[in-house]
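Heads up: the structure comes next, in structure tokens.
The values are calculated or read from the model by the stated rules, or taken from the named source; none is laboratory data. No experiment lies behind these values; they were computed from the predicted model shown. All Cβ positions, glycine included, derive from the backbone under ideal geometry; neighbour counts span all protein chains shown. The area values use the complete protein model at the heavy-atom level, side chains included, leaving out ligands, DNA and RNA. Shrake-Rupley method; radii C 1.70, N 1.55, O 1.52, S 1.80 Å.
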Amino acid sequence: MALDVHGQFCKLLLEFFNIIFAMVGFGMVSLGLCGSQTCGFFNLDLNSQMLIIGVFAAGALMLLVAIVGHVGMYSESREALEIVSVLLVVLCAAEIGAGVLAFVNKDKVARSLSTLYKTVYMQYMNKRDQRQAIALHIFHYTLNCCGMGGMLEPFVRDTCPKKSEFWDVLNTSSCVTAISNLFDSNAPIVWGFFIGIAVLLIVACYLSHSILVNEDPRS
């Protein structure tokens, strides 16, 4: 399937999106595996288990999209590109659905994340295992928080963001508070994140479709 100039341009852009999807997908799969192994999956409550499963499944689907999309582009296989288009539509619908559920059930999601964080925190306190340290790093640097005590945190400060300014240290909150604020005062930002990802998926779906329909008539 030879492509015209527009099709070649779409192919180049889709490769860029595939790289993003592969990186995000790998990160989400790693986070899901890390969460299940670090916390002891069957020791968690049902909501936390569903959260980990959702992160892992979304990441695996993104990885699948990236792999099939890469194969489809370089082999210029119609079947592979059609599969990518279908997967992108499914992933986009799932992303919007997850965003709506997260927004509507923000209190429940916040409680689940808080429970997950407390579980990792207590296990790190008991075992000082590197896997828990990595999980705490992800929480602390993503939410810009520190442990259960914020600026007074005495036990896991080695996994917290390093701050030199006194005012920054003074404003460091506990991670339980940061998680609660994320889904309370910053709920529109969370919703916007899901919508932004969905828009990227729609653009990628359009690019995949464009490659299919922009075959060079001279071929």
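Pairs linking a residue in the stretch 9-29 that is more than 13 Å from residue 202 (Cα to Cα) and in a helix (DSSP H, G or I) to a residue that is open to solvent by 30 Å² or more (accessible area, probe 1.4 Å) and at pLDDT 85 or above, with Cβ atoms under 6 Å and 6 or more positions apart or on different chains, are 25/63; 29/60. Of the helices (runs of 4 or more DSSP H) lying entirely inside the stretch 128-219, those carrying at least 2 residues that are without any contact (Cβ under 8 Å) to a residue 24 or more places away in the chain and within 19 Å of the chain's Cα centre (by Cα) are 130-143, 187-213. Quick check on the stretch 98-118. Is at least one of its residues open to solvent by less than 30 Å² (accessible area, probe 1.4 Å), in a helix (DSSP H, G or I) and at pLDDT 85 or above? The answer is yes; a qualifying residue exists. Within the bounds of the stretch 191-211, is there any residue that is out of contact with any Lys or Arg (no Cβ under 6 Å at 6 or more places or on another chain), open to solvent by 90 Å² or more (accessible area, probe 1.4 Å), under 27 Å from residue 115 (Cβ atoms) and not hydroxyl-bearing (Ser, Thr, Tyr)? Looking through the stretch 191-211, at least one residue is out of contact with any Lys or Arg (no Cβ under 6 Å at 6 or more places or on another chain), open to solvent by 90 Å² or more (accessible area, probe 1.4 Å), under 27 Å from residue 115 (Cβ atoms) and not hydroxyl-bearing (Ser, Thr, Tyr).
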